[in-house]
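Step one of this worksheet: look at the structure below.
The values are calculated or read from the model by the stated rules, or taken from the named source; none is laboratory data. Quick caveat, the model's predicted, so the values are computed rather than measured. Because the Cβ atoms are built from the backbone with ideal geometry, glycine has one as well, and the counts that use them run over all protein chains shown. Remember, those area values only see protein heavy atoms, side chains included, never the ligands or the DNA or RNA. Shrake-Rupley method; radii C 1.70, N 1.55, O 1.52, S 1.80 Å.
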Amino acid sequence: MEKFLKRSKTDSASKENVIDIGNINSGSESDIGFEKIRTRKMSSEAWAFFEKTKDGKHAKCRVCSQTYKTSGNTSNLFDHLKRAHPTFRELPKPANTIKPFLKNVETYANTSERKQAIDSALMGMIASDVQPFSIVNDKGFQKFIKCLDPRYELPSRNTLQNVHMANLHKKIKDKLQDILNEVDYCSITTDCWTSRANEGYLTVTCHFITNEFTLRSAVLSTKKLLVATNHGSDNIASSLRAVFNEWGIMEKVVCVVTDNDSTMIKACELLQKRHLPCYAHTINLLVQDCLNQTFIKENVLAKCKRIVTFFKSSTIAYQ
């Protein structure tokens, strides 16, 4: 009996030592509630050197970036540490900072509105400022973009050229076509020119007045002639007719402005369109004729060339 009484006293004393959480929170003896306090189980030591991937099925070593499959157990992770990093217990445990999160920022999806908006703005900058597509490969430009928005990933050069430029061209062309459909009359300026690569092109520019009485100009085409080796009036006329029909302005063109070349004049006759000589080109021809006069060429121009040569040949005289 004495043993039983001693055991009862011991149990009562142990109950008195239990932490009364309800009483601590409320301060009232009537709201007594005992909660079972469990000590949280410490996570495995291996997770100090590994981090789970996004799918949660793999773990990546923080030291060597090796990836292993795991379902929660850490046996294979410890095997890697013992095999590849035998002194891992002596290594300083990586501190939990925000840097890993910033380095592994998830990029925008190709279908996201933000990604498409930046791509469109980038293509617009390249087109308006006549920048090369290779700008996306420049290290400084890439660093600049990452500083502006770390989640944005630049498109490749081929994607810009074959996808975004084609989309922008179609968008602008459709918008210009809608404007030209509302125009009753327009004029054309055109000329043949040679590129630095020694390739011949024909550029066609349209000029018109909108319903708001605003003078507008738009380049309709810069292409090679239909027959690149033929610069005759027939071929030029056929190339112009193809551009006019493409934009639906054949009956709206009231005049064509070109230089004074005979082939361009003949091409306008074949198209049955009024030809007007370029005023600036006419003035240029007049000035060239004046400069070719003997008293100007041998006296004034010769003296000017000698003066320029003197200063260009001496850095001291140039200064």
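Could you tell me whether any residue of the range 295-313 is among the hydroxyl-bearing types (Ser, Thr, Tyr), in a loop (DSSP other than H, G, I, E, B) and either open to solvent by 60 Å² or more (accessible area, probe 1.4 Å) or on the phi > 0 side of the Ramachandran plot (or both)? Within the range 295-313, one or more residues are among the hydroxyl-bearing types (Ser, Thr, Tyr), in a loop (DSSP other than H, G, I, E, B) and either open to solvent by 60 Å² or more (accessible area, probe 1.4 Å) or on the phi > 0 side of the Ramachandran plot (or both).
From Val163, Val204, Val256, which residue is closer than 24 Å to Arg274 by Cβ and either of a type in the set (Asp, Glu) or out of contact with any His (no Cβ under 7 Å at 6 or more places or on another chain) (or both)? Outline the logic, then answer.
Values: Val163 fails: closer than 24 Å to Arg274 by Cβ; Val256 fails: either of a type in the set (Asp, Glu) or out of contact with any His (no Cβ under 7 Å at 6 or more places or on another chain) (or both).
Residue meeting the stated conditions: Val204.
Going through the range 110-148 one residue at a time, which ones are in contact (Cβ under 8 Å) with a residue 24 or more places away in the chain and open to solvent by 60 Å² or more (accessible area, probe 1.4 Å)? Result: Arg114, Ser120. Scan the range 242-275 for residues that are touching a residue at least 60 places away in the same chain (Cβ under 8 Å), in a strand (DSSP E or B) and either in contact with a helix residue (DSSP H, G or I) (Cβ under 8 Å, 6 or more places away or on another chain) or surrounded by fewer than 16 Cβ atoms within 10 Å (Cβ to Cβ) (or both) and the total you get is 5. Taking the range 159-183 only, how many residues are free of Cβ contacts under 8 Å to residues at least 24 places away in the same chain and either open to solvent by less than 90 Å² (accessible area, probe 1.4 Å) or farther than 30 Å from Phe244 by Cβ (or both)? Going through the range 159-183 one residue at a time, the tally reaches 5.
Of the residues Arg306, Arg241, Arg274, the single one that is closer than 16 Å to Thr203 by Cα and basic (Lys, Arg) is Arg241. Every listed requirement among (1) open to solvent by 50 Å² or more (accessible area, probe 1.4 Å); (2) in contact with a Cys (Cβ under 8 Å, 6 or more places away or on another chain) is met by Phe208 save one, (1).
Is it true that some residue in the range 233-240 is touching a Phe, Trp or Tyr at 6+ places or on another chain (Cβ under 9 Å) and either open to solvent by 40 Å² or more (accessible area, probe 1.4 Å) or more than 15 Å from Ala267 (Cβ to Cβ) (or both)?
Within the range 233-240 (the criterion being touching a Phe, Trp or Tyr at 6+ places or on another chain (Cβ under 9 Å) and either open to solvent by 40 Å² or more (accessible area, probe 1.4 Å) or more than 15 Å from Ala267 (Cβ to Cβ) (or both)), the answer is no, since none of the residues qualifies.
In the set (1) at pLDDT 80 or above; (2) surrounded by 15 or more Cβ atoms within 10 Å (Cβ to Cβ), Lys69 fails one condition alone, (2). Applying the criterion of being over 21 Å from Ile172 (Cα atoms) and among the aromatic types (Phe, Trp, Tyr) to the residues of the range 199-257, the residue that is modelled with the lowest pLDDT is Phe213. Just so you know, in the range 194-237 the residues that are of a type in the set (Ser, Thr, Tyr) and part of a loop (DSSP other than H, G, I, E, B) include one that is nearest to Glu251 (Cα to Cα), and it is Thr210.
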